[in-house]
């Protein structure tokens, strides 16, 4: 089947014109709008939503079944061993997830976006007392606490440079997400702005 050259040119011109005439929403807004359930409970978080979403982005890439692979049976296809029991959006390890469930009754699952947001918010709220008061809302410090745990976090001299560099990337993403959330046209936007 042959396609006429002028049809292809017309299609390309149409794509270019419509792309230029419509300002694309930020990627985060598109993601949240596609999954309406994701936007329903965001204003219930004690910590900034932008920080929680940045943690999810860097921990799991917004994949519900993410799990860190240590070795592969078939490279890139079938995992053989995993680094830990970390799993889901939040990459919560099994023991900490059980602690969360004990303190927060309900049908929480690590594959659930909603449960993962609640888990990260609970974890940061519970342990941020170990962060110096003037830094308790800083995404960099919050991610180091989340990644290392309260005991290791207090021994900052032992935290690797790679982990600190990664925490800086999470903080940059949190700042980017905060800006994007202000432009999102979602039902809960006004509530989020009033927090």
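Every read-out reported here was derived from the displayed coordinates using simple, explicitly stated rules and does not represent laboratory data. Please read these numbers as outputs of a predicted model, since none were measured by experiment. Every residue, glycine among them, receives a Cβ derived from its backbone with ideal geometry; neighbour counts consider all protein chains shown.
Here are the numbers for this structure:
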{"quantity": "Label point 7 Å beyond Cα of residue 129 along Cβ direction - residues of region 93-112 with amide nitrogen under 18 Å", "calculated": "99-100, 103-104"}
{"quantity": "Protection-proxy order for peptides 152-164, 107-119, each taking the mean of Cβ atoms within 10 Å per residue, highest first", "calculated": "107-119, 152-164"}
{"quantity": "Spin-label pair residue 161/residue 111, simplified geometry with 7 Å Cα→Cβ offset, distance in nm", "calculated": "4.1 nm"}
{"quantity": "Fully extended contour minus Cα-Cα distance, from residue 44 to residue 175, at 0.36 nm per residue", "calculated": "45.2 nm"}
{"quantity": "Label-point separation in nm, residue 65 to residue 152, each point 7 Å along Cα→Cβ", "calculated": "2.7 nm"}
